[in-house]
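Note sheet for the following structure.
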């Protein structure tokens, strides 16, 4: 490969809106690895839902551009599809509850099935890599960024569930990405805005934050994302995504796959390393794939300039490009090509499994474990846009009337406990610690099937088998009804 081709092979850019042809031309001209699809790139039908055929056509065009230089391996078409709040692709694809559901449900088999089902719907649309699952270990209410994206506050559980979900994705033919090394669940600043600092020692990181990554390495998973988190014990003041000691720590866990940065246009990096500097610094430090530089042309030019000046060793660029190419060659041999007719599963095919996950996860912190929790009618308050409507529809399906009776208070992300007879946390369960409601439930989702699970428990048609995957105030991890 030429230096220009190698520099392109390590860059995975984004684009604005529907500028597909311009982006395809850029991918072809700069020999880029492929592209990530963000929410504003997703074609919509007149009802605002994902236009599945159009999405497939966009991805096919971008994949063609990535291989126009004759490379024999496929381009990368990636997306952020974790389930819950982080899902670029909504209906008619299956809507999944938040990933903390898997920790609450406690079944690695169910988690693997869910990973497979989620990924199987991405394959026909032309995706081959998903920036999921999030294997961060959350510390609870002081974690402002990850929260319910974490599967558990228990490192061993987060590790086992993360590996199970990733294996399911690989079963379906999609490359998973475990993230965000060295651990974003235990810092108190949002890296989208500013640079978080991780004060823990290396020994502390090994027994908490690094356990899921060690498990991912042992399982042979192909991609690890590095986060924009400064770890003074490794290199003070420098985001791990741009820090050579941080990449060395990851490699010392035995990782031989592709190390991808978190998005380089995020505040934690862009404020400190503008105009292509972040791409060069991350690559020189040990990154193999540079995600979403603010200006990919600038980043490409900066890599070539650093290479010519000798500040970026040629061997480091060779190593990074080789890792990315090797992964995609391996993927092409072990999975049906993205977009292959008949491969994967149709949009929406995971709905029954999504319902099963929510039903297995719903957790009673306080209140009865058996029988109806409400009479035949309830009132509802709280929630965000659409939450009440979804609850009311689910209540009707469960045979509950809405308009009188005890108050069900829906609490979303960042919501206040409020008044009510029954408090229901829709995302992370932390708000329940301040609720005075006699009955407290954690739902871990706000999709239709999650509300169906809630309504079934309220009506006494189902029990709540979930266990808290993290402590909530006076309620320790593991709180829940016994079978």
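The values are calculated or read from the model by the stated rules, or taken from the named source; none is laboratory data. As the structure is a computational prediction, the values presented were derived from the model and not from experiment. When we count neighbours, we look across all protein chains shown, and the Cβ atoms used for this are built from the backbone with ideal geometry, even at glycine.
Details
- If the condition is being touching a helix residue (DSSP H, G or I) at 6+ places or on another chain (Cβ under 8 Å), surrounded by fewer than 20 Cβ atoms within 10 Å (Cβ to Cβ) and assigned to a helix (DSSP H, G or I), then segment 309-324 contributes 314, 316, 318.
- Tally, over segment 151-167, of residues that are in contact with a strand residue (DSSP E or B) (Cβ under 8 Å, 6 or more places away or on another chain), in contact (Cβ under 8 Å) with a residue 60 or more places away in the chain and either outside the structural domain of residue 228 (by TED's automatic domain parsing) or closer than 16 Å to residue 225 by Cβ (or both): 1
- Residue 338 vs. criteria in contact with a helix residue (DSSP H, G or I) (Cβ under 7 Å, 6 or more places away or on another chain), touching a residue at least 40 places away in the same chain (Cβ under 8 Å) and in a helix (DSSP H, G or I): no
- Condition met for residue 305 (within 21 Å of residue 135 (Cβ to Cβ) and out of contact with any strand residue (DSSP E or B) (no Cβ under 6 Å at 6 or more places or on another chain)): no
- Leading residue by the ranking (modelled with the highest pLDDT) among those in segment 426-447 that are surrounded by fewer than 20 Cβ atoms within 10 Å (Cβ to Cβ) and assigned to a helix (DSSP H, G or I): 433
- Filtered residues of segment 380-399 (kept if free of Cβ contacts under 8 Å to residues at least 12 places away in the same chain and either part of a helix (DSSP H, G or I) or in contact with a strand residue (DSSP E or B) (Cβ under 8 Å, 6 or more places away or on another chain) (or both)): 389, 396
- Test for residue 192: is it part of a loop (DSSP other than H, G, I, E, B), under 17 Å from residue 144 (Cβ atoms), touching a helix residue (DSSP H, G or I) at 6+ places or on another chain (Cβ under 7 Å) and modelled with pLDDT of 95 or more: no
- Looking only at segment 123-140, residues that are in contact (Cβ under 8 Å) with a residue 60 or more places away in the chain and farther than 23 Å from residue 332 by Cβ come to 5 in all.
- Segment 195-218, residues that are assigned to a loop (DSSP other than H, G, I, E, B) and either surrounded by fewer than 17 Cβ atoms within 10 Å (Cβ to Cβ) or at pLDDT below 95 (or both): 195, 196, 199, 201
- Filtered residue count, segment 173-183, keeping only those that are in a loop (DSSP other than H, G, I, E, B) and touching a strand residue (DSSP E or B) at 6+ places or on another chain (Cβ under 8 Å): 5
- Positions within segment 285-302 being outside any loop (DSSP other than H, G, I, E, B), closer than 13 Å to residue 8 by Cβ and touching a strand residue (DSSP E or B) at 6+ places or on another chain (Cβ under 7 Å), in sequence order: 289, 290, 296, 299, 300
- Of the criteria (1) surrounded by fewer than 24 Cβ atoms within 10 Å (Cβ to Cβ); (2) outside any helix (DSSP H, G or I); (3) within 18 Å of the chain's Cα centre (by Cα), which one residue 233 fails: (3)
- Matching residues, segment 361-376, being more than 22 Å from residue 449 (Cβ to Cβ) and touching a helix residue (DSSP H, G or I) at 6+ places or on another chain (Cβ under 9 Å): 366
- Tally of residues being closer than 30 Å to residue 146 by Cβ and buried (at least 17 other Cβ atoms within 10 Å of the Cβ) across segment 398-425: 14
- Filter result (at positive phi, surrounded by 15 or more Cβ atoms within 10 Å (Cβ to Cβ) and out of contact with any strand residue (DSSP E or B) (no Cβ under 7 Å at 6 or more places or on another chain)) within segment 2-51: 31
- Among (1) out of contact with any strand residue (DSSP E or B) (no Cβ under 8 Å at 6 or more places or on another chain); (2) part of a helix (DSSP H, G or I) - the single one residue 282 does not satisfy: (1)
- Among the residues listed as 483, 465, the single one being surrounded by fewer than 23 Cβ atoms within 10 Å (Cβ to Cβ), without any contact (Cβ under 8 Å) to a residue 60 or more places away in the chain and outside the structural domain of residue 378 (by TED's automatic domain parsing): 483
- Count of residues meeting criterion [more than 18 Å from residue 116 (Cβ to Cβ) and in a loop (DSSP other than H, G, I, E, B)] in segment 83-96: 5
- Some residue of segment 237-256 being touching a residue at least 60 places away in the same chain (Cβ under 8 Å) and part of a strand (DSSP E or B): no
- Top-ranked residue of segment 58-82 - restricted to ones that are touching a residue at least 60 places away in the same chain (Cβ under 8 Å) and assigned to a strand (DSSP E or B), ranked as surrounded by the fewest Cβ atoms within 10 Å (Cβ to Cβ): 82
- All conditions but one from (1) over 16 Å from residue 11 (Cα atoms); (2) in a loop (DSSP other than H, G, I, E, B); (3) out of contact with any strand residue (DSSP E or B) (no Cβ under 8 Å at 6 or more places or on another chain) apply to residue 329; the one that does not is (2).
- Check on residue 118, part of a helix (DSSP H, G or I) and surrounded by fewer than 24 Cβ atoms within 10 Å (Cβ to Cβ): no
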